[in-house]
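Some notes on the structure that comes next.
The values are calculated or read from the model by the stated rules, or taken from the named source; none is laboratory data. Bear in mind the structure is a predicted one, so any value in this text is a computation, not a measurement. Because the Cβ atoms are built from the backbone with ideal geometry, glycine has one as well, and the counts that use them run over all protein chains shown. Heavy atoms of the whole protein, side chains included, go into the accessibility calculation; ligands, DNA and RNA do not. Shrake-Rupley method; radii C 1.70, N 1.55, O 1.52, S 1.80 Å.
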Amino acid sequence: MNEICSPQNIAATAEKFKELEKQYGTYTFGKFAKLFLPNPGDFANWEQDAGGISEPIRQRLTEIISTNLKSGSALPMVLKVGENVDASHDLHVKTFAHSGHIYIGLHMLCPNPEL
């Protein structure tokens, strides 16, 4: 996501996203992931991995990504994934400036495997 939603690629990604929605229907988190990847085989377990994300987090990711990519001026996005302090998923969303661009930062926390 970080590469396709970088400042250099966000406009093309937004256009492709709109075309994919016309072709495949309304977006839900992860629905078009393999269609954007240069090597989809690298993410063979995507559906299983993404399916483990709690529904409220998936809905929030869907809302943020979809709204941004369908807007008239999509902002670059950065996704970071880390471990939570407990056994739950969490999502922190923050807009921030970096190198002359405004970004939407998505920090998804996954259940801590040590618990």
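Worth a mention:
- All positions within the range 1-17 that are assigned to a helix (DSSP H, G or I) and not polar (S, T, N, Q): Ile10, Ala11, Ala12, Ala14, Glu15, Lys16, Phe17
- Any hit, the range 38-54, residues being at pLDDT 85 or above, in a helix (DSSP H, G or I) and closer than 22 Å to Lys94 by Cα: no
- When the range 17-37 is filtered for residues that are open to solvent by less than 80 Å² (accessible area, probe 1.4 Å), at pLDDT 90 or above and in contact with a Phe, Trp or Tyr (Cβ under 9 Å, 6 or more places away or on another chain), the ones remaining, listed by number, are Phe17, Leu20, Glu21, Tyr27.
- Contacts under 8 angstrom Cβ, first residue in the range 72-90 being open to solvent by less than 60 Å² (accessible area, probe 1.4 Å), partner aromatic (Phe, Trp, Tyr), 6 or more apart: Leu75/Tyr103; Pro76/Tyr103; Met77/Tyr103; Val78/Tyr103
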